[in-house]
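What follows is one structure encoded as structure tokens, with my remarks underneath.
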Amino acid sequence: ELITYAGASVAPAPQKEHLGYRMIALEVDDMQRTVDYLKTKGVEIVWGPRVREGLYARAEICDPNGYHIELRQWF
């Protein structure tokens, strides 16, 4: 199956190896405020926020094409 994105196309990904990044991550200043805002826009939160006290908060969303995007706040 050929993957297309915004008019461009790429060959299918190899089945038995992982090449490149799995997803992108966006750094946010305030995780809870960001998640609350995204929900008002109809963005599904796939999981999170998960907090590791003193280190970070993480959550994950999907873009309209189903690609996962991590949200991360550093403490």
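Miscellaneous remarks
- Applying the criteria of a DSSP loop state and at most 16 other Cβ atoms within 10 Å to the chymotrypsin sites (Phe, Trp or Tyr not before Pro) of segment 21-68 yields Y21, Y67.
- Neighbourhood net charge (15 Å Cβ-Cβ; Lys/Arg +1, Asp/Glu -1) for V43: -2
- Using C-alpha pairs under 8 Å with a sequence gap of at least 6, the mean separation divided by the residue count of segment 31-72 gives a relative contact order of 31 percent.
Coordinate-derived values only; no laboratory data. Quick caveat, the model's predicted, so the values are computed rather than measured. Note that each Cβ is placed from the backbone with ideal geometry, even for glycine, and that neighbours are counted across all protein chains shown.
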